[in-house]
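Working notes, beginning with the structure itself.
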Amino acid sequence: MSEKVELQQSKEQVTMARGLAWLTAGNILSRLLGVAYIIPWYIWLGEYRAEANALFSMGYQIYANFLLISSAGLPTAIAKQVAKYNVLGKEEAAFYLVKVFFKLMLIFGVIFAGIMYISSPWLADASGSREKLIPVMYSLVPPILIFPAMSILRGFFQGRHDMKPYAISQLAEQLVRVVWILASTFIIMKLGNGNYIDAVVQSTFAAFVGMLASVGILVYALWKQGYLGKLLHAKKQKVSVNPGQLIKETLKDAVPIIILGLAIQLLQLIDQVTFIRVMEQITHISNSKLLELYSFMSANPNKITMMIIAISLSLGSVAIPLITEKFVQNDKKATADLVTDNLQLLFIFTIPAIVGTVLLARPLYSVFYGPSKDIEITLFIWNLFMILPLGLYSVLSVIIQAIFENKRAILYFVLGMLVKLVLQVPLILVFHVYGPFISTAISLALMIYLFYRRIDQVVGIDKQSVVADVVTISWISASMGVVVWLAATLLHLLLPVSGYVSSFIHLTLAGGAGILVFVYLTLKTRQLDRLIGSRAQLLRRKLKVS
């Protein structure tokens, strides 16, 4: 009997490991594609590149909020229900539920696409660039039509623990999107009329083309596995959960997740709808130049910094399900230890990443955006310093939900956003382009403090351990920073950063030296064990580090 149980557990572990591998690979490759295209795209747009990227970013900022709200957490709920009915041997009930929710999400898509279409002129006007931004906003309406329904199909495969179609669809979506962006931009800017707004519109419309590719992959996978016919012809079943009830339950769980998950996007949206408008009132800078400045302040750096924040969040959120499990079991000590481990995982990646990227800010920025002005690098560095508070907010906002403090979490979120709104305009008036950074930092600091205080009150965080860890990681980062600075200074004497190739050489050599120091010191202090587990011991043996 025990052998049978062990075999079953082993089979489940293999399935989960395979699914996680596919999902991780899909996520990483998608993110890399989503950043890599910017290099040729930025070059082809020529003198309009910064303004074009600002318009692209403004449109996508609003679009991303609509995507998050339009699915309302229902795909995850469907995944849970599919898994449940499959375990109970009621596969037909799972097919029926997916069919019902697929139709429902088509309606959701129409509703939210309609809302975005109707509100686009107002949102474009609020962003300070009505005529240029409206066509960009309109081009992002079609993908909202199909995204909620597509998410249900992904939820179906997730519920069956088959993440391969999910991951491939994700990768196909990004690949087709990038190909469309690059092909359309090249045709318009190099072979066509050279209208950069047309190029931006096609670049944002690429989201719809990519989504069609994703749907195609998912439908093909359904057909190949014999599920398509079963879904299309699924008949009404007596299921334990009524669709209406499931929506209510899902919304109850999803609303805090959606609200707290929107924080970073809302902070950026507040910047978007205030910065240009306020600056037009207090300066004589043209709208085109303000769009360019907004690009330097937000659009350009975000493509790099959000990659680091996403990795930080994925590292820091590894133990979230375990935190909930231990908290439900009323094991406060184990819960507190897991919270501490989560924070330590965040710090061990984020602090060295900030030190390294700040010291190599010019080559890192220039490898994506070419030769850059001093103001671009300065604003990029401000963005890099924001990585730590953004990462801390992301991790703590998830932890506080994991211990069922949703109401307080939303209250703290509202207080933080009110602070941002109150301070935003006065700080722009005083500090101009740096004002949004200061208001965001104060807002995040308040939310982080309130989240941390409440988590500590409920579970008791081992503060001494966290402080000791931060001290250790800080001196490791400082040591790494000295080596990076020396290498970068020497390289600058031999080969100043002046373009894409020199920037890449600086990043490779100085960044590589920093990584070697980081790996050696974290192996020596056992800090790397937290990131890569038992493989750190193997590395110590190979590198003969005691």
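Estimated from helices alone, the mean residue ellipticity of the chain at 222 nm is -29000 deg cm²/dmol (sum of -39500 (n - 2.57) over DSSP H runs with n ≥ 4, per residue). In whole angstrom, note down how far apart the Cα centers of the range 383-399 and the range 360-376 are. Distance between centres, Cα-based: 24 Å.
Counted by Cβ distance under 11 Å from residue 37, the other residues give a net charge of +2, where Lys and Arg count +1 and Asp and Glu count -1.
Taking the average, over residues, of other Cβ atoms within 10 Å as the packing measure, peptides 492-499, 167-174, 207-214 rank 167-174, 207-214, 492-499 from highest down. Each of residue 543 and residue 358 was given a label point 7 Å from its Cα along the Cα-to-Cβ line. The distance between the two points is 2.4 nm. The listed residues 47, 292, once ranked by accessible area (1.4 Å probe) with the largest placed first, stand as 47, 292. From the alpha carbon centroid of the range 429-488 to that of the range 152-180 is 35 Å.
The overall shape of the range 111-218 is oblate: from the C-alpha gyration tensor, with semi-axes ordered a ≥ b ≥ c, the ratio a/c is 1.5 or greater and a/b is no larger than b/c.
In the range 67-104, which trypsin sites (Lys or Arg not before Pro) fall in coil by DSSP and have 12 or fewer other Cβ atoms within 10 Å?
Numbers: sites: 80, 84, 90, 99, 103; in loops: 90.
Passing both the DSSP loop test and the Cβ count: no residue.
By how many nm would the segment from residue 429 to residue 329 lengthen if fully extended, with 0.36 nm per residue of separation less the alpha-carbon distance? Write down the numbers at each step before the final one.
Values: separation 100, 0.36 × 100 = 36.00 nm, distance 5.14 nm.
Contour length minus the Cα-Cα distance gives 30.9 nm.
Annotation: extensible slack from residue 224 through residue 87 equals 47.1 nm (criterion: 0.36 nm per residue apart, minus Cα-Cα distance).
If you take the charge dipole of the range 148-229 about its Cα centre, with +1 on Lys and Arg Cβ and -1 on Asp and Glu Cβ, which of 183, 212, 168 is farthest toward its positive end? Of the listed residues, the answer is 168. Of 140, 105, 85, which is farthest towards the positive pole of the range 50-177's charge dipole, taken about the Cα centre with +1 and -1 on the beta-carbons of Lys, Arg and Asp, Glu respectively? Comparing the listed Cα positions along the dipole, 85 ranks first. Does the range 316-379 come out rounded, prolate or oblate, given a ≥ b ≥ c as the square roots of the eigenvalues of its C-alpha gyration tensor, rounded meaning a/c under 1.5 and, failing that, prolate meaning a/b above b/c? Taking the square roots of the gyration eigenvalues as a ≥ b ≥ c, the range 316-379 is prolate. A full extension of the chain between residue 468 and residue 282 corresponds to an added length of 62.3 nm, given 0.36 nm per residue minus the alpha carbon distance. Assuming charge only on the beta carbon of Lys and Arg (+1) and of Asp and Glu (-1), the dipole of the chain about its Cα centre is about 1360 debye to the nearest 20. Put a dot 7 Å past the Cα of residue 478, heading toward its Cβ, do the same for residue 33, and the two dots end up 4.4 nm apart.
The values are calculated or read from the model by the stated rules, or taken from the named source; none is laboratory data. Since the structure is predicted, the reported quantities are computational estimates derived from the model, not experimental observations. Cβ coordinates were reconstructed from backbone atoms using ideal geometry, including for glycine residues, and neighbour counts include every protein chain displayed. Only protein heavy atoms, including side chains, enter the accessible area calculation; ligands, DNA and RNA are left aside. Shrake-Rupley method; radii C 1.70, N 1.55, O 1.52, S 1.80 Å.
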